[in-house]
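The values are calculated or read from the model by the stated rules, or taken from the named source; none is laboratory data. All values reported here derive from a predicted model rather than from experimental measurement. Cβ atoms come from the backbone with ideal geometry, glycine included; neighbour counts cover every protein chain shown. When the accessible area is computed, the model is the full protein with side chains, heavy atoms only, and any ligands, DNA or RNA have been set aside. Shrake-Rupley method; radii C 1.70, N 1.55, O 1.52, S 1.80 Å.
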Amino acid sequence: MQKTTSRAPRRRLGRTPMLRRSRAVWMSKRLWRPRLVFWSGALAVGLVSVAFAKLADAAQAGFTALHAMSTAGPAAALLVPPLGFALSSYLALRYFPNSGGSGIPQAIAARHFESDEDRGVLLSLRIAAGKILLTLLGLLSGASIGREGPTVQVGAAIMLAAGRIGGMERARGLILAGSAAGIAAAFNTPLAGIVFAIEEMGRAYEARTNGLVLSAVVLAGLASLALTGNYTYFGESEASVTSIGGWALVILCGAVGGAFGALFSAGAMSLMRRLRRWTRGSAHRIVAAAAACGLVVALVGILSGGTTYGTGYEAARGAIEGGTLPPLFFVEKFVAGLASMVSGIPGGIFAPSLAVGAGLGSTLGLVLGTAPALAATLGMAGYFAGVVQAPMTAFVIILEMTGNPANVVPVMLASLIGFGTARLVSGAPLYHNLSRNYVADVLRHRRATEAARSD
């Protein structure tokens, strides 16, 4: 009897939930392997984003150098963009399907599917590699594109692959986390990455995914900081609203910027629908349309003196730091960005949109006689919010890019006015409109695959 009573407490002690949980925490591979793989994936997003940024700068510098050569200048200006656009379009169709465009619509569309096979049609490491290579080719060809949207698709693909390796089942959360980490590392804007995931990517955000998003943003940001240091994307501006004229500029930049942003989105959707109908089932027509868009970019670049090629980063930064842009720069950049997007080649619209907004604000500032730096910042907020119809993302990303806390209320107000104006002018947000095309493409791919298997 004594032996029985002495052993019973030990058995009960060994079976207590606390000790079982403790052993599970420290000894279970099921617990630690997914976390380690997830953390490694987030760090990889940061490293790839930094490498992508460096290569993108080199590609744009390569086109600038080619364009500046006295012997090759005219030929480069007129021939390189259409040829580069055609080559990029062909390679995307032949080797990297679903790598075209920004990359954000693909990531949004992938969250609608339950199976790994369907998501893999839009997000895979192969597509991510193609996205990087073809975006670099576009910049080397003078396209008015950016790397930020592509970084979202690349980040989502990396995190989804990491989730498969680690046995993680929350694919939608992984896509959100990778997208947020991509934005955070691309711009060095961690808050904007989080807001972007909630406002633009999620729309129906799940509270249980916030830990994934936060940890991915932190780890990707640490990788970026370790390689590039802490920096402000557009430098720093000290301009602020100090007069009635300044508040009038806030309202004007918000309203005009939002209207132009909505015009860009509506124009892009309309042109892309028409091209989609004209090119359906014909790879030759798709490549020819891309070459025609490249020719438009080339002609606009010649007329603008070469200021509309590439991301527009230098022009936007110069305006934020107090310089003035040519009065019609925003119109020229608008057309170049629209042609680049409609072409369907891989490349984003974030940086070109910010450049258009800075040019628009600069022109409105000249009209009202206000500080150029303030006008450029407010123009960015109004136009960008009008294009993507995500006012909080626009507000946070511009504040983090310019490092000017004195402009919190003016930039927020310009973003909200831009968003409201855009909603009056156009319908659904651009990225979500485009994502429906990718959802339809995946469904067609699924039906074709099922038909082939049944045969």
remark   = Expected output for region 296-315 (first residue closer than 9 Å to GLU332 by Cα, partner part of a loop (DSSP other than H, G, I, E, B), Cβ below 7 Å, 6+ apart or cross-chain) is VAL300/THR308; GLY301/GLY142; GLY301/THR308; GLY301/TYR309; THR308/SER144
ask   = Mind checking which residues of region 40-59 are of a type in the set (Phe, Trp, Tyr) and either modelled with pLDDT under 90 or in contact with a strand residue (DSSP E or B) (Cβ under 8 Å, 6 or more places away or on another chain) (or both)?
value = none
inquiry  = Anything in region 286-299 that is open to solvent by less than 20 Å² (accessible area, probe 1.4 Å) and under 26 Å from ALA376 (Cβ atoms)? List them, or say none.
reply    = VAL297
remark   = Those residues of region 93-123 which are assigned to a helix (DSSP H, G or I) and open to solvent by less than 10 Å² (accessible area, probe 1.4 Å) amount to ILE104, PRO105, GLN106, ALA107, ILE108, ALA109, ALA110
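Conditions (1) small (Gly, Ala, Ser); (2) in a helix (DSSP H, G or I), marked per residue:
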{"position": "VAL241", "(1), (2)": "no, no"}
{"position": "ARG274", "(1), (2)": "no, yes"}
{"position": "ARG285", "(1), (2)": "no, yes"}
{"position": "VAL297", "(1), (2)": "no, yes"}
{"position": "GLY301", "(1), (2)": "yes, yes"}
{"position": "THR324", "(1), (2)": "no, no"}
{"position": "PHE334", "(1), (2)": "no, yes"}
{"position": "SER340", "(1), (2)": "yes, yes"}
ask   = What residue, of LEU174, LEU191, is over 29 Å from HIS67 (Cβ atoms), part of a helix (DSSP H, G or I) and either of a type in the set (Val, Ile, Thr) or open to solvent by less than 10 Å² (accessible area, probe 1.4 Å) (or both)?
value = LEU174
message = Would you confirm whether or not region 432-453 contains a residue that is at pLDDT 80 or above, among the polar types (S, T, N, Q) and in contact with a Phe, Trp or Tyr (Cβ under 6 Å, 6 or more places away or on another chain)?
response = no
task = Mind listing just one residue for me: the one in region 302-316 that is buried (at least 24 other Cβ atoms within 10 Å of the Cβ) and of a type in the set (A, V, I, L, M) and, of those, farthest from LEU140 (Cα to Cα)?
result = ALA316
remark   = All conditions in (1) touching a residue at least 12 places away in the same chain (Cβ under 8 Å); (2) assigned to a loop (DSSP other than H, G, I, E, B); (3) farther than 23 Å from MET401 by Cβ are true of CYS293 except (2)
query = Mind checking whether some residue in region 233-240 is in contact with a Pro (Cβ under 6 Å, 6 or more places away or on another chain) and open to solvent by less than 20 Å² (accessible area, probe 1.4 Å)?
reply = no
ask   = What do you reckon, is ALA385 of a type in the set (A, V, I, L, M) and crowded, with 24+ Cβ neighbours inside 10 Å?
value = yes
request  = Run down GLY155, GLY138, GLY182, GLY193 and say which single residue is farther than 20 Å from VAL37 by Cβ and in contact with a Gly (Cβ under 7 Å, 6 or more places away or on another chain).
outcome  = GLY138
note = If you go through SER115, SER88, SER99, the only one that is more than 18 Å from GLY62 (Cβ to Cβ) and in contact (Cβ under 8 Å) with a residue 12 or more places away in the chain is SER99
message = I'm checking my understanding of the structure. Among residues of region 317-375 that are out of contact with any Gly (no Cβ under 6 Å at 6 or more places or on another chain) and on the phi > 0 side of the Ramachandran plot, which one is least open to solvent (accessible area, probe 1.4 Å)?
response = GLY322
key: Test for GLY155: is it within 15 Å of the chain's Cα centre (by Cα) and open to solvent by less than 10 Å² (accessible area, probe 1.4 Å)   = yes
message = Please determine whether any residue of region 124-140 is in a loop (DSSP other than H, G, I, E, B) and under 17 Å from TYR438 (Cβ atoms).
response = yes
message = Going by what's in this entry, would MET168 be described as modelled with pLDDT under 80 and crowded, with 23+ Cβ neighbours inside 10 Å?
response = no
When residues of region 260-285 are limited to those that are among the aromatic types (Phe, Trp, Tyr) and open to solvent by 50 Å² or more (accessible area, probe 1.4 Å), the one farthest from GLY142 (Cα to Cα) = TRP278
task = Would you be able to tell me the number of residues in region 429-455 that are part of a loop (DSSP other than H, G, I, E, B) and surrounded by 14 or more Cβ atoms within 10 Å (Cβ to Cβ)?
result = 1
Check on LEU416, farther than 25 Å from GLY301 by Cα, at pLDDT 90 or above and among the aliphatic types (A, V, I, L, M) = yes
task = Check region 70-85 and report whether any residue there is modelled with pLDDT under 85, open to solvent by less than 80 Å² (accessible area, probe 1.4 Å), β-branched (Val, Ile, Thr) and more than 15 Å from VAL154 (Cα to Cα).
result = no
